[in-house]
Number of protein chains: 2
Amino acid sequence: MRPVAIVGIGKTPFGAFPDRDLRSLAVEAGEKCLADARVSPSQVEAFHLGNFAGPSFVGQNHLAPYISGALGMTGIPATRFEAACASSGSAFFHAVSAVGAGLYDIVMVNGVEKMTSQPTPRVAEILAGAGDTAGEVKAGATFPALFGMIARRHMHEYGTTREMMAAVAVKNHGNGAKNPLAHMRKNVTMEQVLAGKPVAEPLTVFDCSLISDGAAAVIIAPLERAAEFTGKAVRVLGIAQTSDQVALDQKDDITTFHAVRRAGEKAYKMAGVSPQEVDVAELHDCFTIAEIIATEDLAFVEKGQGGPYVLSGATCLSGERPVNTSGGLKAKGHPVGATGVGQICDVVQQLRRDAGERQVRKHSVGLAQNLGGSGATAVVTILGEAK
Amino acid sequence: MRPVAIVGIGKTPFGAFPDRDLRSLAVEAGEKCLADARVSPSQVEAFHLGNFAGPSFVGQNHLAPYISGALGMTGIPATRFEAACASSGSAFFHAVSAVGAGLYDIVMVNGVEKMTSQPTPRVAEILAGAGDTAGEVKAGATFPALFGMIARRHMHEYGTTREMMAAVAVKNHGNGAKNPLAHMRKNVTMEQVLAGKPVAEPLTVFDCSLISDGAAAVIIAPLERAAEFTGKAVRVLGIAQTSDQVALDQKDDITTFHAVRRAGEKAYKMAGVSPQEVDVAELHDCFTIAEIIATEDLAFVEKGQGGPYVLSGATCLSGERPVNTSGGLKAKGHPVGATGVGQICDVVQQLRRDAGERQVRKHSVGLAQNLGGSGATAVVTILGEAK
């Protein structure tokens, strides 16, 4: 594989935008990205779209040419990639693989979701489609219930406490309050989180990510051509996508996501980077327990130590390894199909030193981890400065 | 790109199967394919799924790991590709590109759709999601209406007649009657077709493809390794995926599909094959007019000559260039997400000389053309004997 660089990023705000349709969000992110990369639409050789459930949320399918056509790109492969909440992470993985292998030079990866036009019970039903509908969903288990079981088991096995999960929420809301593009920009206290309304015991409303609209886009190119487009290229050091069984009851251990472990191992190996060398990370905190497990599965800490790690402050903005400086899915928002590429954009901002008051001190190596369902899909990306 | 070969194929029957769920169909095709290729699940390095609208038809999303897990494949990239009716054609395009570029050696491409569990009006609504829902669909145009307009314009511009379109239906039903896996196995006469119940003038029920359940799968590998798996490998000579605007009103000429023309040109060039060298083809006859236009866009004949061409018998089983020897979408059936890979399987059968009483005399070069929407996505694949 030849080295690949991210030469442009573009994001919409994440939030609830009743006046915006799905395509206009994706086009806004795409146009910002083209401008950032100083690339014209006619230079783009392939368009990869990450979208989880546009047909169910807004009735529009065949979304890749629908969006690329509006961006002024026709005559190229335009393809939608779906891998639940890891849809745009997967679109990015396939794009990096293709550019790395020499199939294309310039590819746009766009991720989008428009969720808030549906009432919340219907949103929960659509999201449940990422689980095993014939098994666990039929038995009544939506994702808050599945992650509630995961949290309860993690508490039982490792002594993880409600305070440790709450610490994830307090930290991520604090970061989101500083992010002008975040959905929910307000600080919350440990007391507020612990007193939160129950959703699926032991998870409260403060443990759950947001239902959001939004889009994010990146343009990638061979590293050797990056200087043609931008002075702020970021290099893809390592990347991997892996899979596991969809149903939680088919896993031997629900306190770890094998797909994340395996994707992490592959990405670290490809990057030639150890977990301890990661300076800053965006992790898939669809629920607070998921961030704790991710810090373990990605070997930032030993198994079972994710709870004490966040409680120690190590993952705060000023800590040894800041996690979710964007506010994460928890506070920045979680427009499902946009999340994977949104995380990449956020890590790129840190490596470019463009993160404003959220800028971290150490920014040589960044990591983004995107999860689909209760761990059936995982994408891990490691980014570094383009020297 | 290194040469790529198809080393195994597997198909379910296409039809209405009230007792079968989506996954069981995909698993049946996948298992048949593994057996045909003599490949074990653990040898497969990536899983590409083509599916248009599983979430809308059966409520299940995140289908790639849901199916690959049931086939005994975990820990690998498992990704769903969606490009309307060209979903599995697109999944195949990306798989061939990846193996050709050296990213993987052994990849399974599976296509599946389960449509008959929904009532027909709901099926039409779901299919309409492949068009521009905010524009043409809101104005009342479902796909039969759009292709009705295309047919009417083709008749006006080129003198194409109802008899010419009917000839497509008569031919494809004749072929389908001989195909043990076809959905509708009955011959129809020219008189019957011309007297068919109107759907969207000038199209009658005999001009429209079927609503079907079904799945198809292929396994691909580098040509140099093909002999490890099978004695019946078929080589991918050329392949291209391209895109165009989704809405029909954004096209300057609705009697030609620019995406098909461009994909054809690219695939012919890659293959080093001229249109006249194609011996047998599976073309995307979602409506009879679409087959006529495809023979023009792929340069089998001059623009406007597709109607007289089919009427002449040239595309019959015994003609100079048999088209849709499987029965096509018209008679074999059109489980949307399975269609692209199903076409590939049908061409492979001809090149392997395994097509039974439908076997054509000349079978050195075959072509498959998969269309998404009213031409916003096109995939053209050219296959040849592996010498």
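A 1.4 Å probe, protein heavy atoms only, puts the accessible area of A:Met184 near 60 Å².
Computed from the alpha carbon positions, the gyration tensor of the range B:266-341 leads to an equivalent ellipsoid with semi-axes of 19, 16, 12 Å, biggest first. If both residues of a DSSP beta bridge must be in chain A, then about 75% of such bridges are antiparallel. Given the range A:306-357 reduced to its alpha-carbon atoms as identical point scatterers, what log10 I(q)/I(0) does the Debye formula return at q = 0.23, 0.24 Å⁻¹? Treating every Cα as an identical point scatterer, log10 I(q)/I(0) equals -0.94, -0.99.
Would any residue of the range A:1-40 have its amide N under 15 Å from a label point 7 Å out along Cα→Cβ of B:Glu224? List them or say none. Once the point is set 7 Å along Cα→Cβ of B:Glu224, nothing inside the range A:1-40 turns out to lie under 15 Å by backbone N. Sorted shortest first, the separations between the A:Thr189 label point and its copies elsewhere in the assembly read 8.8 nm; each point sits 7 Å from Cα along the Cα-to-Cβ line.
For the range A:40-80, a decrease in accessible area of 40 Å² or greater in the assembled protein chains relative to the isolated chain, with a 1.4 Å probe, applies to A:Gln60, A:Asn61, A:His62, A:Pro65, A:Tyr66, A:Thr74, A:Gly75, A:Pro77, A:Thr79, A:Arg80. If you build a Gaussian network model of chain A, linking Cα atoms that sit under 10 Å apart, which residue out of A:Gly69, A:Gly238, A:Gly264 swings the most? Among A:Gly69, A:Gly238, A:Gly264, the largest mean-square fluctuation in the Gaussian network model of chain A belongs to A:Gly69.
Checking the a/c ratio against 1.5 first, then a/b against b/c, what shape does the Cα gyration tensor give for the range A:184-254?
Taking the square roots of the gyration eigenvalues as a ≥ b ≥ c, the range A:184-254 is oblate.
At 0.36 nm per residue, and after removing the present C-alpha to C-alpha distance, how many nm does the segment from A:Ala124 to A:Glu157 gain when stretched out fully? Display every interim value, and only then the final one.
Values: separation 33, 0.36 × 33 = 11.88 nm, distance 2.86 nm.
Taking A:Ala124 through A:Glu157 to full extension adds about 9.0 nm, to one decimal.
Once R0 is set to 51 Å, what does the formula 1/(1 + (r/R0)^6) return for the Cβ-Cβ distance between B:Asn187 and B:Ser42, expressed as a FRET efficiency to the nearest 0.05? Once the sixth-power term is evaluated, E becomes 0.65. Picking from A:Lys171, A:Lys232, A:Lys251, which is most flexible by a Gaussian network model of chain A using Cα springs under 10 Å? In the Gaussian network model the winner is A:Lys251. What separates the Cα centres of the range B:372-387 and the range A:145-212 is a distance of 48 Å.
Shape class for the range B:285-327, computed from the alpha carbon gyration tensor (a ≥ b ≥ c): oblate, with a/c not under 1.5 and a/b at or below b/c.
With Rg and the Kirkwood Rh both taken from Cα atoms, where does Rg over Rh land for the range B:1-74? Don't skip to the answer; put the middle values down first.
Working: Rg = 13.3 Å, Rh = 13.5 Å.
For the range B:1-74, the value is 0.99.
One equal scatterer on each Cα of the range B:120-207, no solvent, Debye formula: the resulting log10 I(q)/I(0) at q = 0.14, 0.23 Å⁻¹ is -0.60, -1.11.
Of the residues A:Asp354, A:Asp252, A:Asp346, which exhibits the maximal mean-square fluctuation in a Gaussian network model of chain A defined by a 10 Å Cα contact cut-off? The residue that fluctuates most here is A:Asp252.
Using only alpha-carbon positions in the protein assembly as shown, the gyration tensor eigenvalues give semi-axes of 45, 25, 24 Å once each is multiplied by 5 and square-rooted (largest first).
Would you please classify the overall shape of the range A:215-266 from the alpha carbon gyration tensor, given that a ≥ b ≥ c denote the square roots of the eigenvalues, rounded means a/c under 1.5, and beyond that prolate means a/b larger than b/c while oblate covers the rest? Before the final figure, lay out the partial values.
Details: a/c = 4.44, a/b = 2.97, b/c = 1.50.
Prolate, because a/c is 1.5 or more and a/b exceeds b/c.
Could you count how many Lys pairs in the range A:93-221 have their Cα atoms under 24 Å apart, skipping same-chain pairs fewer than 8 positions apart? Don't jump to the answer; show the numbers that get you there.
Values: A:Lys114/A:Lys178; A:Lys114/A:Lys186; A:Lys171/A:Lys186; A:Lys171/A:Lys197; A:Lys178/A:Lys186; A:Lys186/A:Lys197.
The result is 6.
The local environment of A:Ala338, defined by Cβ-Cβ distances under 12 Å, has a net charge of -1 under the rule Lys, Arg +1 and Asp, Glu -1. Average 1/r across all pairs of distinct alpha carbons in chain A, invert it, and you get the Kirkwood radius: 20.1 Å.
The values are calculated or read from the model by the stated rules, or taken from the named source; none is laboratory data. All values reported here derive from a predicted model rather than from experimental measurement. All Cβ positions, even for glycine, are placed from backbone atoms using ideal geometry, and neighbour counts span all protein chains on display. Remember, those area values only see protein heavy atoms, side chains included, never the ligands or the DNA or RNA. Shrake-Rupley method; radii C 1.70, N 1.55, O 1.52, S 1.80 Å.
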